[in-house]
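Below is one structure; the comments refer to it alone.
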Amino acid sequence: MNATVTPVRIMRSVNLQAQYTCTCLPGFQGVNCEMETDPCGSMPCENGGECINQKTYYTCSCISGFIGTNCQLDFDECQTNPCNNGGLCINLPGTFSCDCAEGWTGDACEVNVDECSSNPCLFGGICSDLVGRYTCTCLPSHTGINCQTEVDACASNPCQNTGNCIDQIRTIRVAVRPVT
């Protein structure tokens, strides 16, 4: 909290009946300086600041995000670069907000989004979380970004000598035809 000192002016009172004048010290007022002044009486602290009566003057204890004698100025929190990982800082009255870059979240863009949390890899594929994206490592039986495409085991013509390839899930069976 920030505290700033603000002086209070000296009060002068005239008693016309007694034919004298009292010049009151700071902190007092009235014809005979009989009343104590309250420098916080006018509630000079703004934006939730707390006024602290110092008898002859006041100080304002400002809440986070505000500065100045009376807490009247918004402190630009973005000057301290609070947003991490390429996040864009947006100054707001008394606070800030971060517009996070893709792949990041959190008040200060400090949390990596887990793109694997939705289980995007199919048919036993293994997901690797990266910043702003993911990759799938597929089993030999599948291919594609999300392992969504079944591999045609016979596409490479693995059967030799006129063997007949029968594509089965995760298995290649070779049938040999007799040569005549």
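The values are calculated or read from the model by the stated rules, or taken from the named source; none is laboratory data. It should be emphasised that the depicted structure is a prediction, and the values quoted were computed from it without experimental measurement. Positions of Cβ are generated from backbone atoms using ideal geometry, with glycine treated the same way; all protein chains shown enter the neighbour counts.
Quick notes
- Test: C60 is modelled with pLDDT under 90 and either more than 30 Å from L130 (Cβ to Cβ) or surrounded by fewer than 17 Cβ atoms within 10 Å (Cβ to Cβ) (or both): no
- Residue check for N157: at negative phi and either within 42 Å of the chain's Cα centre (by Cα) or modelled with pLDDT under 95 (or both): no
- Here M43 clears all of (1) surrounded by fewer than 17 Cβ atoms within 10 Å (Cβ to Cβ); (2) free of Cβ contacts under 8 Å to residues at least 40 places away in the same chain; (3) over 19 Å from C71 (Cα atoms); (4) out of contact with any Lys or Arg (no Cβ under 6 Å at 6 or more places or on another chain) except the condition numbered (3).
- Among the numbered conditions (1) surrounded by 16 or more Cβ atoms within 10 Å (Cβ to Cβ); (2) among the acidic types (D, E); (3) modelled with pLDDT under 90, the only one that E77 does not meet is (3).
- In the stretch 87-98, residue surrounded by the most Cβ atoms within 10 Å (Cβ to Cβ) [restricted to those that are modelled with pLDDT of 95 or more and small (G, A, S)]: G87
- Scope the stretch 147-158; condition surrounded by 17 or more Cβ atoms within 10 Å (Cβ to Cβ) and either outside any loop (DSSP other than H, G, I, E, B) or in contact with a Cys (Cβ under 7 Å, 6 or more places away or on another chain) (or both); matching residues: C147
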